[in-house]
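The values are calculated or read from the model by the stated rules, or taken from the named source; none is laboratory data. Only a predicted model underlies this, so the values are computations on that prediction, with no experimental measurement involved. No Cβ is skipped: glycine too gets one built from the backbone with ideal geometry, and neighbour counts run over all protein chains shown. These area figures cover heavy atoms from the full protein model, side chains too; ligands, DNA and RNA do not enter into them. Shrake-Rupley method; radii C 1.70, N 1.55, O 1.52, S 1.80 Å.
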There are 2 protein chains.
Amino acid sequence: MDNISSKLLENAVNEFALLPGIGKKTAMRLVLHLLQQDEGRVQQFAHALTQMKENIQRCRNCHNLSDEPLCSICSDARRQHAIVCVVEDIRDVLAIENTHQYRGVYHVLGGKISPMDGVGPSDLQIDSLVQRAHTQELGEIILALSSTPEGDTTSFYLYKKLQGIQVPITSIARGISFGGELEYADEVTLGRSILNRVPYKESV
Amino acid sequence: MDNISSKLLENAVNEFALLPGIGKKTAMRLVLHLLQQDEGRVQQFAHALTQMKENIQRCRNCHNLSDEPLCSICSDARRQHAIVCVVEDIRDVLAIENTHQYRGVYHVLGGKISPMDGVGPSDLQIDSLVQRAHTQELGEIILALSSTPEGDTTSFYLYKKLQGIQVPITSIARGISFGGELEYADEVTLGRSILNRVPYKESV
């Protein structure tokens with residue numbers, strides 16, 4: 001793939017190949033596919049990316065990705081705002097929403113504590129969670145982090161941080177396989193594990 | 001993935017998911033990766049795509065993708081312009097270029113005859129190949145199409161079309177791949193490679 005006769009083509013291929021899990025050959029396949037589309041389609045693709053990058057923001061309450069200052073879940077009056085489900089990122093929000101088992105709201109940490117990757121507690125939305133627990137009248141905080149060493153560490157850290165506050169802290173049931181990432185769990189298992197959540201102390 | 005709280009995010013995910021081999025989950029992973037990059041990186045990505053789509057053209061001689069009216073291979077005086085290798089698309093050009101074994105030029109058909117996909121001879125650069133054979137002084141035309149029913153059909157069609165012209169038509173050698181185990185080769189390939197055996201001296 002070193003002798004691409006067109007610089008324009010090469011640039012596009014190289015950009016695609018920078019994406020995770022996309023090699024040079026896949027990148028070339030994707031670019032050639034786009035070349036066969038109408039010019040309008042390609043512009044729409046490019047426009048969707050730049051528009052998203054320029055205008056997307058974090059919800060000021062739950063820190064989920066949102067088009068508005070307050071996301072559609074936090075601004076939905078029909079949700080139970082006293083129940084907060086703590087997750088890593090928006091993919092976990094989507095996974096839980098797709099179970100249709102949960103009517104509370106979320107708190108998106110933006111990752112998990114992982115010293116190996118240089119991610120400490122201060123890099124995550126932990127202080128804002130503690131603040132929410134202090135200022136909002138919460139009935140329950142559900143920890144729904146991945147069942148990995150990093151996820152468990154983060155859960156334990158949050159549990160300690162939230163100790164002084166009079167709000168029950170629960171953890172989603174270990175229905176999901178150990179070592180499994182939340183986003184890949186099937187909907188039934190994930191839904192059940194939200195319904196069968198247990199006090200954090202009993203879950204470890 | 002139906003409840004994405006952000007329309008901006010959803011648009012970007014949907015655009016990625018239209019690409020071949022990219023599902024919704026992969027699309028989301030790619031989009032979240034881009035969201036974590038600098039705004040400049042995302043703009044560069046979008047720019048590379050639109051620039052390519054707007055400005056790329058087909059070489060007027062070999063119909064390969066090119067930034068100029070005449071591609072870098074056709075305009076290279078060091079190549080043997082009397083030898084033309086006929087291939088399906090630019091990926092085959094790249095594959096052959098990477099072998100560093102070929103110093104001739106190419107003719108890119110833009111696909112292969114495939115009635116199932118609605119691709120007939122008139123959709124490919126066949127007439128322009130016949131014209132090249134008539135107007136340019138060629139010493140050899142090498143057919144380097146895939147060894148599939150469609151590739152074989154296309155090769156045969158080209159062979160018939162080029163019948164009247166006094167130029168040798170060859171086909172790339174087919175047989176057991178170098179480094180390949182005999183027991184894993186398919187029966188047709190193995191059978192053919194026995195029938196088409198060559199003197200040992202020529203085989204190394």
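Which distances, shortest first and in nm, link A:Asp76 to the matching position in the other copies, using label points set 7 Å out along Cα to C-beta?
Inter-copy label distances (nm, one decimal, shortest first): 5.8.
Which value, in Å², gives the accessible area per residue of the protein assembly as shown when a 1.4 Å probe is used on the protein heavy atoms? Walk me through the numbers before you get to the answer.
Values: 21340 Å² over 408 residues.
That works out to 52 Å² per residue.
Please work out the Cα center distance from the range B:122-151 to the range A:47-96, rounded to the nearest Å.
Centre-to-centre (Cα) distance: 55 Å.
From the C-alpha gyration tensor of the range A:7-55, pull out the three semi-axes of the equivalent ellipsoid (sqrt of 5λ each), sorted largest to smallest, in whole Å. Before the final figure, lay out each step's value.
Numbers: eigenvalues 70, 43, 16 Å².
Semi-axis lengths for the range A:7-55 are 19, 15, 9 Å.
Computed over the Cα atoms of the protein assembly as shown, what is the convex hull's projected area averaged over all directions, in nm²? Before the final figure, lay out each step's value.
Working: hull surface 106.0 nm².
Convex hull of Cα atoms, orientation-averaged projection: 26.5 nm².
Taking 0.36 nm per intervening residue step and subtracting the Cα-Cα distance, what contour gain separates A:Asp117 from A:Asn55 on full extension? Mind dumping the intermediate values first?
Working: separation 62, 0.36 × 62 = 22.32 nm, distance 2.78 nm.
That works out to 19.5 nm of additional length.
Please report the Cα spread of chain A along all three principal axes, rounded to whole Å, starting with the longest.
Principal-axis extents of the Cα atoms in chain A, largest first: 66, 35, 34 Å.
For B:Ile176 and A:Glu181, FRET efficiency with R0 = 41 Å and r from the beta-carbon atoms, rounded to 0.05? Don't jump to the answer; show the numbers that get you there.
Details: r = 42 Å, r/R0 = 1.04.
Plugging the Cβ-Cβ distance into 1/(1 + (r/R0)^6) gives 0.45.
Within a 10 angstrom radius of each residue's Cβ in A:10-20, how many Cβ atoms of other chains show up on average? Whole number is fine. Let's see the in-between values first.
On the way: counts 3, 7, 9, 2, 2, 9, 5, 0, 6, 9, 5.
Going residue by residue through A:10-20 and averaging, the value is 5.
Using a 7 Å offset from Cα along the direction of the beta-carbon, what are the separations from A:Gln37 to the same position in each other copy, nm, ascending?
1.6
Given label points at 7 Å from Cα along Cα→Cβ, what nm distances, shortest first, separate A:Tyr184 from the same residue in every other copy?
Those label-point separations list as 2.5 nm.
Placing unit charges on C-beta atoms (Lys and Arg positive, Asp and Glu negative, everything else neutral), compute the dipole magnitude of the range B:1-94 about its Cα centre in debye, rounded to 20. Show your work: numbers first, answer last.
Working: 11 positive and 12 negative charges, 29 e Å.
About 140 debye.
So what is the calculated 222 nm ellipticity per residue for chain B, using -39500 (n - 2.57) for each DSSP H run with n of 4 or more, over all residues, to the nearest 500 deg cm²/dmol? Don't jump to the answer; show the numbers that get you there.
On the way: 8 runs with 83 residues, N = 204.
Rounded to the nearest 500, the figure is -12000 deg cm²/dmol.
What percent does the relative contact order of chain B come to when contacts are Cα pairs within less than 8 Å and at least six residues apart?
Numbers: 208 pairs, mean separation 25.2, N = 204.
The value is 12 percent.
Give the long-range amide H neighbours of A:Val198: residues separated by 5 or more places, or on another chain, with amide H under 5 Å away, using H modelled in the peptide plane at 1.01 Å from N.
A:Ser171, A:Ala173
Given a cut-off of under 8 Å on Cα pairs at least six residues apart, what relative contact order in percent is computed for the range B:73-147? Walk me through the intermediate numbers first.
On the way: 89 pairs, mean separation 30.8, N = 75.
It rounds to 41 percent for the range B:73-147.
Can you give me the long-range amide H partners of A:Tyr106? Hydrogens built in the peptide plane at 1.01 Å from N, cutoff under 5 Å, separation of 5 or more residues or another chain.
A:Cys85
For chains A and B, what's the summed buried accessible area, probe 1.4 Å, to the nearest 100 square angstrom?
Numbers: alone 12390 and 14370 Å², together 21340 Å².
Buried area (both sides, nearest 100 Å²): 5400 Å².
What is the mean number of Cβ atoms from other protein chains located within 10 Å of the Cβ atom of each residue in peptide B:40-47, rounded to a whole number?
Working: counts 1, 3, 7, 5, 3, 12, 11, 5.
That average works out to 6.
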